[in-house]
Ligand code: DC
């Protein structure tokens, strides 16, 4: 991609709790800037899917050190909007509920975080990336030129998840109720924020944006304009 004179391609780190609007914002900001979007949650989900498919999750809860075997030859690759785990397209599989339930546990394991952090740092080396997750501004790219921390109240986030489920579920499928979704979201927030390794935390330099009452367009606009400022050479 051609670089405008006086501008540099930067790294944008977007962190925040589940369903705070990170991935939609990150994808649209990347599109507008001509950057690459990297969804690090999808990478943790891929490891959880692999553990589930190999039937080793129960065993890992008792002896987490076994996770090294799972990571040994793992390959995770993005191709546009699709993600490939060990050569297979798992774009749909990683969004299944069984994966969402187990991913916080998998992402609490240090060997998993160490391995994925290195992969993420490699992916960011080209610069011109928008990366979203929980620890991008604090651990993966603490030097990212722009760090964003998105928050939104839990009920609003549950409502968004619900609307997403309604939109993509075939008619007649039972949907979880809103209270249950809110409870699940709060449990995941707690697990992600209280874990020992790389917990969800706002970096001191991060811009905090509360998206509870913002439209997607507005939140994209805010991040996009901050990015333009940071792209200007010397910032
Ligand atoms: O953003 P998401 O819901 O797809 O993320 C799935 C899980 O992965 C989430 O519960 C926490 C974990 N995660 C993480 O620990 N660190 C990241 N950088 C991204 C996700």
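What to note about this one:
- Put in order of Cβ neighbour count within 10 Å, fewest first, the listed residues 113, 61 become 61, 113.
- Reciprocal mean inverse distance between Cα atoms of the stretch 4-60 - Kirkwood radius, Å: 13.9 Å
- Fraction of beta bridges assigned by DSSP in the chain that are antiparallel (%, nearest 5): 30 percent
- The share of C-alpha pairs in the chain whose separation exceeds 21 Å stands at 58 percent.
- log₁₀ of I(q)/I(0) at q = 0.27 Å⁻¹ - the stretch 37-104, Debye sum with one point per alpha carbon: -1.30
- Taking a ≥ b ≥ c as the square roots of the eigenvalues of the alpha carbon gyration tensor, the stretch 79-144 is oblate, as a/c is not under 1.5 and a/b does not beat b/c.
- Distance from the C-alpha centroid of the stretch 127-174 to that of the stretch 12-58: 8 Å, rounded to the whole angstrom.
- Along its first, second and third principal axes, ordered by size, the stretch 1-129 spans 55, 26, 26 Å in Cα coordinates.
- Panel order for 197, 203, by other beta carbons found within 10 Å of each beta carbon, from fewest to most: 197, 203.
- Taking the C-alpha atoms only, the angle from helix 110-124 to the longest principal axis of the chain is near 30 degrees.
- Exposure proxy ranking, count of Cβ atoms within 10 Å, fewest first, for 181, 214: 214, 181
- Measuring nothing but how far apart in sequence close Cα pairs (under 8 Å, 6+ apart) lie, relative to its length, the stretch 53-98 scores a relative contact order of 18 percent.
- Evaluated at q = 0.19, 0.21 Å⁻¹: base-10 log I(q)/I(0), Debye formula over Cα of the stretch 146-235: -1.02, -1.11
- Mean ellipticity per residue at 222 nm, deg cm²/dmol - from DSSP H runs of n ≥ 4 across the chain, formula -39500 (n - 2.57): -15000 deg cm²/dmol
- Taking the chain as a Gaussian network of alpha-carbon nodes connected by springs under 10 Å, the highest mean-square fluctuation of the residues 100, 46, 88 belongs to 88.
- Hydrodynamic radius of the stretch 89-188 per Kirkwood, over alpha carbon pairs, in Å: 16.1 Å
- Relative contact order, percent, the chain [alpha-carbon distance under 8 Å, six or more residues apart]: 36 percent
Only the coordinates and a few stated rules stand behind these numbers; no lab work does. No experiment lies behind these values; they were computed from the predicted model shown. All Cβ positions, even for glycine, are placed from backbone atoms using ideal geometry, and neighbour counts span all protein chains on display.
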